[in-house]
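**Student:** Can you read through this structure? Questions will come right after.
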Amino acid sequence: MTVMKRLPIPAAAPALLAAAALALSGCGDVDDGGSASAGADKGGKTLTVFAAASLTETFTSLGKTFESSHPGVKVRFNFGGSSTLAQQIVQGAPADVFAAANTTTMKTVTDRGAASGQPTVFARNRLVIAVSGSGESKVKGLSDLADRGLKVVLCATQVPCGSAADKALQAAGVKVTPVSREQDVKAVLTKVRMGEADAGLVYRTDVRAASGQVKGVEFAESAKAVNDYPIAPLAEAPQPALAKEFVGLVLSQQGRTVLTRAGFEAP
């Protein structure tokens, strides 16, 4: 933030300055943790959390909890495919916390020294087959996805849900030719929900969050591809103290309750 030299103020200017200050207060809430500002003086800070798309609902809820116990703090989320988020972090994107959908993706960040301390696994998740929530689907198990008459959508291979899908399909000896491979699990879910695909492999938690718009078909091979979710504060976090507190909330009993309710398993 650049500090400008104060110039002499005409006597008629105070009202104009007050109006300008009010306008500026709504033009961005990222506190760089350095120069003082009116927002910082009042405790106004922004905590930026990069998190896997499958954490959208749970982390949004925890973010509201965090804000309620930290007056003046705004939690800003960047949800997406874990591999994309990891690349953004190692390329210098400003963030305080990273929560990934598998340990391999987190390793991309730790290997570059971008995490502060060792990541902690806070949850586990497994795949289900998402099918339309209306009508009867002929998909009863993983082997049904091999039917070339079905439009099947998977996550991209480099994304944790795509890697898990490939592992589960390989374990079952099922070959699937997807009509598309999406960059995050929510995109797969949307294709199924909108009727653009007959089925897709998504996380159990995503089906639960869809509130009946899709159905989840469980399959035994999902046990071969369970994903561990790690979280860590980042080394260059603009708000290091708040980053540690948010991680603490996720790891707390309160955080565990929110995650379990959403369908995540304990690590």
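No value in this document is a laboratory result; all are computed from the given coordinates. Keep in mind that what you see is a predicted model, and the values were worked out from it rather than measured. Glycine gets a Cβ as well: all are built from the backbone with ideal geometry, and neighbour counts include every protein chain shown.
**Student:** Just to be sure I understand the model, the point goes 7 Å from the Cα along the line to the Cβ. What's the resulting residue 69 to residue 223 distance in nm?
**Tutor:** 3.6
**Student:** Across segment 91-97, in residue order, what do the Karplus-derived ³J(HN,Hα) couplings come to in whole Hz, using 6.51 cos²θ - 1.76 cosθ + 1.60 with θ = phi - 60° and x for Gly and Pro?
**Tutor:** Each residue of segment 91-97 in turn: 8, x, 4, x, 8, 9, 9 Hz.
**Student:** Between residue 265 and residue 249, what is the label-to-label distance in nm when each label sits 7 Å out along the Cα-to-Cβ direction?
**Tutor:** 2.8
**Student:** Here is a further query. Excluding residue 92 itself, what net charge comes from residues whose Cβ is under 11 Å from its Cβ, given Lys and Arg +1 and Asp and Glu -1?
**Tutor:** So the environment of residue 92 carries a net charge of 0.
**Student:** Would you pull out the residues with amide H under 5 Å of residue 78's amide H, same chain only if 5 or more places away, H placed 1.01 Å from N?
**Tutor:** HN-HN under 5 Å from residue 78: 49, 50, 51.
**Student:** Also: For residue 121 paired with residue 140, estimate the spin-label separation in nm (one decimal), with each label point 7 Å from Cα along the Cα-to-Cβ line.
**Tutor:** For residue 121 paired with residue 140, the spin-label model returns 3.4 nm.
**Student:** Can I ask one more? Relative contact order for segment 182-247 using alpha-carbon pairs under 8 Å, separation at least 6, rounded to a whole percent?
**Tutor:** Numbers: 32 pairs, mean separation 12.5, N = 66.
It rounds to 19 percent for segment 182-247.
**Student:** Also, I was wondering about something else. Whole-Hz Karplus ³J(HN,Hα) for segment 232-238, in order, using 6.51 cos²θ - 1.76 cosθ + 1.60 and θ = phi - 60°, x for Gly and Pro?
**Tutor:** Taking θ as phi minus 60°, the curve returns 7, x, 9, 4, 9, 4, x Hz for segment 232-238.
**Student:** How high is the relative contact order of segment 44-160, given as a whole-number percent (alpha carbon pairs under 8 Å, six or more residues apart)?
**Tutor:** Details: 115 pairs, mean separation 31.4, N = 117.
Once divided by the residue count of segment 44-160, the mean separation gives 27 percent.
**Student:** With θ taken as phi - 60° and the coefficients 6.51, -1.76 and 1.60, list the Karplus ³J(HN,Hα) couplings across segment 162-167 in order, rounded to whole Hz; mark glycine and proline as x.
**Tutor:** x, 4, 5, 4, 4, 5
**Student:** To continue, here is another question. Normalising by the residue count of segment 127-224, find the relative contact order in percent from Cα pairs under 8 Å and 6+ residues apart.
**Tutor:** On the way: 191 pairs, mean separation 44.2, N = 98.
Worked out over segment 127-224, it gives 45 percent.
**Student:** Would you work out the Kirkwood radius for segment 167-239? I mean one over the mean of 1/r across all pairs of different Cα atoms, in Å. Display every interim value, and only then the final one.
**Tutor:** Details: mean 1/r = 0.0693 Å⁻¹.
Evaluated over segment 167-239, this radius sits at 14.4 Å.
**Student:** Under 18 Å Cα to Cα from residue 186, which lysines show up? Leave out anything in the same chain fewer than 8 places away.
**Tutor:** 151, 215
**Student:** Would you mind calculating the gained length between residue 87 and residue 257 on full extension (0.36 nm times residue separation, minus the Cα-Cα distance), in nm to one decimal? Kindly include the intermediate steps, with their values, before the conclusion.
**Tutor:** Working: separation 170, 0.36 × 170 = 61.20 nm, distance 3.04 nm.
Full extension from residue 87 to residue 257 adds 58.2 nm.
**Student:** Quick one: Cα centre-to-centre distance for segment 130-205 and segment 47-94, in angstrom?
**Tutor:** Value for the Cα centre distance between the two parts: 26 Å.
**Student:** Loop-only trypsin sites (Lys or Arg not before Pro) in segment 113-180, please: DSSP not H, G, I, E or B, and at most 12 other Cβ atoms within 10 Å.
**Tutor:** On the way: sites: 124, 126, 138, 140, 148, 151, 167, 175; in loops: 126, 138, 140, 148, 151, 175.
Answer in residue order: 138, 140, 148, 175.
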